[in-house]
């Protein structure tokens, strides 16, 4: 059976929801997310808007992901490492591959890879300020 590409907000919501189901169960990532996020339905909607904006360039996202992740790193005694970003990226790729295929699916992988690198480098840099 052939999979479809990511085309709609509903597709993005499915991807984000399934992905964070895995993240929340992951023994390395779960504690960060489960202790930080208090309203998962609202957070999933927010992340859906973020990814919809990133992939389709038509939705307006408001928020500062870098600031949010820097605060989480600080709250967890600067314990976020490249391992966490590697696991996050592997789970993202795995979820995409389970659900979708096509140009937008591949773009979601590329954007996540760039974003993870950017986020980690900035978190690391912020520790010295």
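Read-outs throughout are calculated quantities, based only on the coordinates presented, and are distinct from any laboratory measurement. Everything numeric here is computed off the predicted structure, so don't read it as measured data. Reconstructed Cβ throughout: ideal geometry from the backbone, glycine too, with neighbour counts over all protein chains shown.
Please provide three numbers in whole Å: the alpha-carbon extents of the chain along the principal axes, with the largest listed first.
Ordered largest first, the chain gives principal extents of 47, 30, 26 Å.
Name the most mobile residue of 106, 21, 45, meaning the one with the largest mean-square fluctuation, in a Gaussian network model of the chain with Cα contacts below 10 Å.
21
Where the centre of each part is set by its Cα atoms, how far does the stretch 23-77 sit from the stretch 95-129, in angstrom?
12
Quick check: pseudo-label points 7 Å beyond the Cα along Cα→Cβ at residue 90 and residue 64, how many nm apart are they?
3.3
With axes computed from alpha carbons, what is the tilt in degrees of helix 40-56 against the longest principal axis of the chain, rounded to the nearest 10 within 0 to 90?
Tilt of helix 40-56: around 60 degrees.
What is the distance, in nm, between label points placed 7 Å from the Cα along the Cα-to-Cβ direction at residue 57 and at residue 125?
Once both label points are built, they end up 2.4 nm from each other.
When the chain is treated as a GNM, springs tying every alpha-carbon pair under 10 Å, which of 22, 35, 71 comes out with the largest mean-square fluctuation?
35
Working out 0.36 nm times the residue gap between residue 40 and residue 14, then minus their Cα-Cα distance, what length gain in nm do you get to one decimal?
Full-extension gain reported as 8.0 nm.
Over the chain, with a Gaussian network built from C-alpha contacts below 10 Å, which listed residue (73, 103, 11) shows the highest mean-square fluctuation?
In this elastic network of the chain, the residue with the biggest mean-square fluctuation among 73, 103, 11 is 103.
With axes computed from alpha carbons, what is the tilt in degrees of helix 82-99 against the longest principal axis of the chain, rounded to the nearest 10 within 0 to 90?
On a 0 to 90 degree scale, this one is about 10.
What angle do you read, to the nearest 10 degrees and between 0 and 90, between the alpha-carbon axis of helix 9-25 and the longest principal axis of the chain?
Between helix and principal axis, roughly 40 degrees.
Tell me, in nm to one decimal, what length is gained between residue 79 and residue 117 on full extension, where the rule is 0.36 nm per residue of separation less the Cα-Cα distance?
Taking residue 79 through residue 117 to full extension adds about 12.1 nm, to one decimal.
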